[in-house]
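Bear in mind that the values in this text are calculations on the coordinates, not laboratory data. Because the structure is a prediction, the values reported are computed rather than measured. Backbone-built Cβ (ideal geometry, glycine too); neighbour counts: all protein chains shown.
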Amino acid sequence: MHHRSRRPAALRTALGVLPILLASAATGAGAAAAAPAPSQPGPIVYSVAPDGAGGACTAQAPCDLETAQAKVRGATAGMSRDIDVVLADGTYRLGRALTFDAAKGDSATGGHTVTYEAAPGAHPVLSGGRRVAGWHQGPDGVWSANVPAGTDTRQLYVDGVRAVRASGPAPTGFTRTPTGYTTSTTALDAWRNISDVEFVYNVGWTQMRCQVASVAGTTVTMQQPCFDNSTKKPYGVNADLPSSVENARELLNDPGEFYLDRPAHTLYYKPRPGQSMATADAEIPRLQTVIAGQGTQASPLRGLVLRGLTVSYGGWTAPDAPDGFSEVQANLRLTGTDAWRDQGSCDRFSTTDPGTCPYGNWTMPPGNAAFSWTDGLTLQGNTFQHLGAAGLELGRGTAHTSVTGNVVTDVSGNGIEVGNGTDAVPADLSVLPTANTVADNWVHNIGVEYTGAVGIFQGYTRDDTITHNQVNNVPYSGISSNWGWGHTPTATAGNTISDNLVYDYMQQRYDGGGIYVLGQEGDSLADGMRITGNVIRGAGGGGHAIYTDGGSQYVTMTGNAAYGNHTPSMGGCKEPAPTPYGDFSFTGNYFEDLTPDWPCGNPANVDVSGNTQVSADGAGVPASLLAGAGLEPAFTAIAAPPAGSAPVNLAAHKPAQAQFLDGSTAQLQPESQPAYATDGDRTTYVQASGQFRWQLVVDLQQAQTLGYVTVGMPQAHFATDFHLDASADGTSWTTVGTVHDSGWGTIPVDFATPVTARYLRVVADKPDDWGQRGDQMAISEIGAYAPAPGGDNAALNRPAQALYIDGTQAQMQPDSQPAYGDDGNPATFAQATARYRWTMQVDLQHPQSVGVVSVTMPPDKYATAFHVDVSLDGSTFWTVAHRTDSAGGTTGVQLDAPVKARWVRIVADRPNDGGQTGGQMAVSELAVYATQ
């Protein structure tokens, strides 16, 4: 499923310029006084606005989108210049899909383009949603609103934040039967609308969802064919007992949850803290397809450009039907009666009674933005978010597409889909997506509802390139390429996956990869898959960083880096003989694990050589490789968190002295000096020599009123215990703060009341001898800050939530609650139960600058690895820091640059299972400071 474009975007641009260069040469290259070339006519421009009216379509009198499209269709037949449709700011509520159809005149002609783009500075939203109004408050803080009869939705968004369908653990014990279950109690028999209740099955790399057909006493009958298709497959994994239950009014009890009572056409929602349903913007999808583009094999849709648009609020309700969501892999699912036996099984299990071919020919999830039979389609700088199916789908016959600089986020299924699992060897190769480029996109937070989803899915394609994308925070694989598992020949060839940055993948599922490939990738290494220049780190579950799974053949992997994954860097599992597996060249990579993992047997014809071992933190990976992976400089802004501002550090560049505890001048370690503690450079530090305990004195040069101080210490040398003294004259000292069980990083010392002082002194208490954690205190930077309006710790006593990784409300350990995680009392803590990984999230109540995040965890229950996310709107989160060596106590994380955020969350990465150091994350105190 990886594509190497033989004509990448830059080359196609160059080819477009070539005729002009040749024409110039024909007039006499090097002529002393060449006549100026005639200027090209500007584009025809149609201006539209959400409230546009009339037919002028000018900037002064904009029209609506439908009118502008009609004008375009009337002008494309004899184009002599480009056509631009310019969209003003605002929300365009679509009554039907915005469809571009070659047969209706939406194609550009004469080598020109038809562009639909945002006006300068505008952010137009193409919405497939319906606003829900008329909310009324009911008991238990639950609000309700009427919706039109016949409404069905699996999503609700409140103020741009996805709500969670009412869910919870199974309310009773289950025993499997051929048609469903028997239960240990009759609890389900009393539930309303039982046929809308959905059982969720988290199994391996898949998540299956089937609805209940009926309940009678203790007998549960499941909806068919979903139940059989999910429990009887002779391949992959099957469902057994439900992992959780969804979509019941009886489960609506946590903030942020919703339930649609379809028979009563009433929507229920329990607001999150701070939300007011009297003023909230509540949206549900009413369209499945928001944008579509189509042509035919003979007449493809040509020259369409979509730029700077946001596509939102598309839905998908097919999983509510009897087929349910019987996933096999990467959101492809079984549909139809006896699909478990017949669909896509071909002759793998029976040659006398085969199923449909080719093997793996399962049903693709649709894209809320979907294109087929296009040539030269350009999608640039768009945002695909708040969507209930896959985000973007490039289907059959898409050629020479440029998908560049887009953001794909908050999508229920796969982020970007190219191709399918059906067209393994089509009679006409033009069916296959060909020469498409997916470059410099940020794909994150996808698979929100269907957690077997991947960031970028690539089925059977030719000469495609997936390059320079950033893919992070995905539930399963980051990039998945090709299909068939070697049980069918394929026409796939010439694809490349290069220079991508993939991290925090497999956050919920396992047996996948940062890059996952399978099946025949060409006819030789020369036209096979090339995987090069990618950086992969931070797997949540088991698998391989780069995974060559069943039937993989003709794969070259070179110049990649994989580290910090807690899973083998390379390897895969072959299918039983005689399925081919091998013809691999794995050379010149930088991997934490140099030995390939082949649990199902060794592949044939493999060259694994010239690879370099690197450490778990990436030390040893060339800087050029790290810098070259992910978004290119022109596109980094699309994934950059909003910039914050730093408060004034009153200790910056102030005089500092290193002393032993008796006040004498301390000897220093080589290349260390006191000035390094106030020079603003966290890569330098001061450290004494000759005695373990020492102190650093900083002269602020005048009396200052301080709210808090930060002590930065490097990873290799830090004090686990220290105290902070203050003085007005440098002679009489008062201890104003004490820190115990510290780790490295930037540790805040917050004062209960402001302190006025000219001198500050940091005194090392531990380590005080050999063999103790921390080695010996070193100080990289001292910060001293005036009291902040409203309090120094922005998280103190703010609304807190404990969530599982899937965003649902976490159950809590006894005597634990989320509010204990930011109450200012280190003796209390928040800790989830039932699942190892969870998230502590705090709402700071309004956007503010964040520079340091401090996490205090009990010494017997802590995360050894976690990451820090921030958000302005509670929907889009940026990962701004990772820590991989926490040991309980206080860990101070200083961000690379201050960011602006309203929500801050700590996400546990390790432990993620039993028997691991730390046990499970508990948070005694999450503190947030503006310091930088």
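For the chain, the longest principal axis of the alpha carbon atoms and the long axis of helix 9-26 meet at an angle near 70°.
Taking the Cα atoms of the range 656-785, the ratio Rg/Rh between the radius of gyration and the Kirkwood radius comes to 0.93.
Please compute the net charge surrounding residue 303, taking Lys and Arg as +1 and Asp and Glu as -1 over other residues with Cβ under 10 Å from its Cβ.
-2
For the chain, the relative contact order is 8 percent, taking Cα pairs closer than 8 Å that sit 6 or more residues apart in sequence and dividing their mean separation by the residue count. The distance linking the range 854-892 with the range 604-663 is 17 Å (Cα centroid to Cα centroid, whole angstrom).
Between residue 317 and residue 241, what FRET efficiency comes out of the Förster formula 1/(1 + (r/R0)^6) with R0 = 22 Å and r the beta carbon distance, rounded to 0.05? Walk me through the intermediate numbers first.
Numbers: r = 26 Å, r/R0 = 1.17.
The computed FRET efficiency comes out at 0.30.
Ordered by the count of other Cβ atoms within 10 Å of each Cβ, fewest first, 91, 289 give 91, 289. Put in line by how crowded their Cβ is, counting other Cβ atoms within 10 Å and starting with the fewest, 246, 575 read 575, 246.
Once both labels are positioned 7 Å from their Cα atoms along Cα-to-Cβ, the gap between residue 104 and residue 66 label points is 1.0 nm. Between residue 768 and residue 279, the modelled labels are 5.6 nm apart [label points 7 Å from Cα along Cα→Cβ]. Taking the range 715-741 and a reference point 7 angstrom along Cα→Cβ of residue 703, the backbone N atoms nearer than 13 Å belong to 727-730. Count Lys and Arg as plus one, Asp and Glu as minus one, and take only other residues whose Cβ is under 15 Å from that of residue 70; the net charge is then 0. Legend: calculated FRET efficiency, residue 587 to residue 636, from the Cβ-Cβ distance at R0 = 30 Å, rounded to 0.05, equals 0.50. Write down the percent of antiparallel bridges among all DSSP beta bridges whose residues are both part of the chain, to the nearest 5. Within the chain, antiparallel bridges account for around 50 percent of the total. Under 17 Å from a label point set 7 Å out along the Cα-to-Cβ vector of residue 660, the amide N atoms of the range 677-703 belong to 687-697.
Relative to the compact-globule estimate of 2.2 N^0.38 Å, the Cα radius of gyration of the range 834-873 comes out at 1.41.
Spin-label pair residue 617-residue 299: with each label point 7 Å from Cα along the Cα-Cβ axis, the two points sit 6.3 nm from one another. Cα centroid separation, the range 441-508 to the range 154-224: 30 Å. Around the amide H of residue 159, modelled in the peptide plane, lie the amide H atoms of 281, 282, 283, all under 5 Å away and 5 or more residues distant in sequence or on another chain. Each Cα pair under 8 Å and six or more residues apart adds its separation to the average, and for the range 412-549 the resulting relative contact order is 23 percent. Counting other Cβ atoms within 10 Å as a rough exposure proxy, the listed residues 57, 210, 357 run 357, 57, 210 from fewest neighbours to most.
Relative to the longest principal axis of the Cα atoms of the chain, helix 65-75 runs at roughly 50 degrees. Computed from the C-beta positions of residue 835 and residue 56, the FRET efficiency with R₀ = 51 Å rounds to 0.30.
Summing Lys, Arg as +1 and Asp, Glu as -1, what charge do residues with Cβ under 15 Å from the Cβ of residue 284 carry, residue 284 excluded?
Local net charge: -1.
Per-residue ellipticity at 222 nm, computed for the chain from helices alone with -39500 (n - 2.57) per DSSP H run of at least four residues, works out to -1500 deg cm²/dmol. Full extension of the chain segment joining residue 349 with residue 253 gains 29.9 nm, where the gain is 0.36 nm per residue of separation less the Cα-Cα distance.
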